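The values are calculated or read from the model by the stated rules, or taken from the named source; none is laboratory data. As the structure is a computational prediction, the values presented were derived from the model and not from experiment. So basically every Cβ, Gly included, is an ideal-geometry build from the backbone, and we count neighbours across all protein chains shown. Accessible surface areas use protein heavy atoms only, side chains included; no ligands, DNA or RNA. Shrake-Rupley method; radii C 1.70, N 1.55, O 1.52, S 1.80 Å.
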Amino acid sequence: MTSPDLYFIKQQFTLGAYPALLSLTLPDDSSPDYIPSLLYKARAHLALGDNTSALALLPTDTENIALRAAAALARGEQGLETLRDLCVEIEGDDDSEEWEKETVQVLAATAFINAGEIEEALETLRSEGKIGDEPAALLSQVYLSLARPALAQKVLAPALKANPDALVLQLAESAISLVTGSQGTSGKSFLPYLLYHHSHLTGEPYAPALSFYNEQVANPSISSAALLVGRAVVRILRGELSAAQSDLEEAESILSRAKCEQGSSDMLAAMVVATGLSAKKGEADQLWSRLLQQYPSHPLVADIGAKELLFDECASKFEVPPRAVTVA
């Protein structure tokens, strides 16, 4: 049985309240909550791109497979082989708990995705038997990134049926709703999708996503910029640009108070989209310049950059025909 304190820590992590976890006071190391709490705190640092702080938190002499996996993820490409070994190790591991094995799967798959090894990530997350909640959620997101929403729904539907109250599954379902524009399983990055698929800005309900974010944003115990950015994306898709900008301004205020600039990349990218669609070209250009300067590797920047190169390549092959001469 998960303790109330650990449940709240897990809730904060799942809903993207990473700055709150950075200042988390860990329980005594004899407590059963110690290792999972330490793990969530380290993963919060990793989610914000602070691998050095994550490594500093994690013990170097631990036998715990989940903590070893987190340390390997923090080491980037240097940790890939360790993660591969851990994935093999958990297959015959009868001593570790199921949540620890699932954490190894998720962290290893995350590392493989970061390294561009998408097929390896898929193989790591797939299972012949029941897939855990977090592995199922991540697997569905990988399928979404491959433009395979039907497979994402196929993975998520049985997990949701078995555990409909799991926040991580509800969050994944809301992502499917954003991509399909419909009812999710019940019926990156999405920012490039927003820019190039304006035909979806027609008041579609995006029911699971809207319901999920409204409910979670209303939770007084959670202060999460990520939730507000998520709801802003839903509102952009619904054409509610003013409301979306209000959410993004509130998200910026949360991050500013927390002095956590690392978590602002998606917020800034969403601001670019919202202001651009609001015909505020000058403001959108300024925000785009900030995004380029502060987060040059953001998926939106990479996507736009690739399209600019493609346009230039096509333009270089186009020859302007001679001007027509009028014959008297």
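Here are the numbers:
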quantity	calculated
Calculated FRET efficiency for the pair Thr52/Phe318, C-beta based, R₀ 56 Å, to 0.05	0.70
Spatial separation of Cα centroids for region 206-265 and region 142-168, in angstrom	22 Å
Peptide ranges 106-116, 130-140 listed from the most packed, as the mean C-beta count within 10 angstrom indicates	130-140, 106-116
Cα gyration tensor shape of region 119-187, rounded if a/c is under 1.5, else prolate or oblate by comparing a/b with b/c	oblate
Accessible area (Å², per residue) of the chain, counting only protein heavy atoms and a probe of 1.4 Å	53 Å²
Heavy-atom accessible area ranking, 1.4 Å probe, most first, across Tyr213, Tyr206	Tyr213, Tyr206
Proximal lysines relative to Lys307, as straight alpha-carbon distance under 20 Å, when same-chain residues fewer than 8 apart are discounted	Lys188, Lys281, Lys317
Solvent exposure ordering (accessible area, 1.4 Å, most first) of Ser265, Ser211	Ser211, Ser265
Rounded, prolate or oblate (a/c below 1.5 giving rounded, otherwise prolate when a/b exceeds b/c) for region 207-328 by Cα gyration tensor	prolate
Whole-Hz couplings from phi, Karplus 6.51/-1.76/1.60, listed for region 147-156; x for Gly and Pro	6, 10, x, 5, 5, 4, 5, 4, 6, 7
Unsatisfied cross-links (Cα-Cα over 19 Å) in the set Lys10/Lys41; Lys101/Lys130; Lys10/Lys154	Lys10/Lys154
Rounded if a/c under 1.5, otherwise prolate or oblate - region 202-255, Cα gyration tensor axes	oblate
Computed [θ] at 222 nm, deg cm²/dmol, the chain (DSSP H ≥ 4; -39,500 (n - 2.57); rounded to nearest 500)	-20500 deg cm²/dmol
Ala302 versus Glu119: modelled label distance in nm, points set 7 Å from Cα along the beta carbon direction	1.9 nm
Kirkwood Rh in Å, taken over the chain so that all alpha-carbon pairs contribute	21.3 Å
Under the Debye formula (equal points on every Cα, no solvent term), log10 I(q)/I(0) of region 10-86 at q = 0.15 Å⁻¹	-0.49
Charge dipole (debye, nearest 20) of region 40-80; +1 at Cβ of Lys and Arg, -1 at Cβ of Asp and Glu	100 debye
Exposure of Ser246 as accessible area (Å², to 10), given a probe of 1.4 Å and all protein chains	60 Å²
